[in-house]
Amino acid sequence: MSSEALPEPAGPRIARRGLVLILSSPSGAGETSLPRALLEGKHLGLTVSVSVTTRAKRPSEIAGRDYEFIEKDEFLSLRDRGELLEWAEVHGNFYGTPRRPVERVLAAGDDMIFDIDYQGTRQVREKLGPDVVTVFILPPSMAELQHRLERRAEDTRQTIDRRLENSRVEIERWVEYDYIIVNQDLGASFDSLKAVLAAERLKRERQVGLPDFTSGLLTERIG
């Protein structure tokens, strides 16, 4: 996968609002590998949103990087105090996104990446509105999705079957997302995500410094 940074726009830097890039997918379609690829080396200027969850840590996961693993009582306390931007119960476990870290990043004009399901996406979009960009990652086929889950070798047969069943419900939500990527090849999917990010950063409504910049152009004395 390419590690090239996104090209910087020529000319002066214009202040803009931060954005939240949300990636959703059925389990096994790229929900872990693609966010991780975007964050490698920090060359794309993204901050990760680390969710809290009540499920057990998998052998390949690192606490604080993939998730913050907490007890159910602590999770419910965060939810009831309004300290979660979104939360959901998935496969019998609770997942949620702490609100304060997200608000700090966006206020600084920086960008954040979320790896959450469609339920969480709805909640974040409702609360953050135009600051949210959503991407749904589809598998190339259900057979390939099953193969990836089995190859991961971290779940029981019963869990894999449940994930495959739930994936059909999740895939039906593709119509709620701004962009759709079929993850046949990880490198190509990564390039598509970089293109989405580059375009969204240039949207007029995100560049809050444009009024001052254009006023300066119009009053600039030349000749």
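No value in this document is a laboratory result; all are computed from the given coordinates. Computed from a predicted structure; not experimentally measured. Cβ sites come from the backbone with ideal geometry, for glycine too, and all protein chains shown count toward neighbours.
Could you tell me which residue out of VAL102, VAL90, SER189 lies farthest along the dipole of the chain toward its positive end? Charges go on the beta carbon: Lys and Arg +1, Asp and Glu -1, centred on the Cα centre.
VAL102
Using 0.36 nm times the number of residues separating GLN184 and VAL208, minus their current alpha carbon distance, what extension gain do you get?
Stretched fully, the GLN184-VAL208 segment lengthens by 5.0 nm.
Need the full-extension length gain, LYS57 to THR159, defined as separation in residues times 0.36 nm minus the C-alpha distance. One decimal, nm.
Stretched out fully, the LYS57 to THR159 stretch lengthens by 35.3 nm.
Helix 186-201 sits at what angle to the longest principal axis of the chain, using alpha carbons and giving 0 to 90 degrees rounded to 10?
Compared with the principal axis, the helix lies near 40 degrees.
Counting DSSP beta bridges with both partners in segment 20-211, what percentage is antiparallel, nearest 5?
Around 30 percent of the beta bridges assigned by DSSP in segment 20-211 are antiparallel ones.
So what's the angle, to the nearest 10 degrees on a 0 to 90 scale, between helix 142-152 and the longest Cα principal axis of the chain?
Approximately 80 degrees, to the nearest 10.
Which of these values of mean projected area of the Cα convex hull in nm² was calculated from the structure shown: [x] 15.9; [y] 12.4; [z] 14.1?
Recomputing mean projected area of the Cα convex hull in nm² here picks out [z].
Only Lys, Arg, Asp and Glu count, each charged at its Cβ (+1, +1, -1, -1), so figure out the dipole size of segment 12-77 about its Cα centre, rounded to 20 debye.
400 debye
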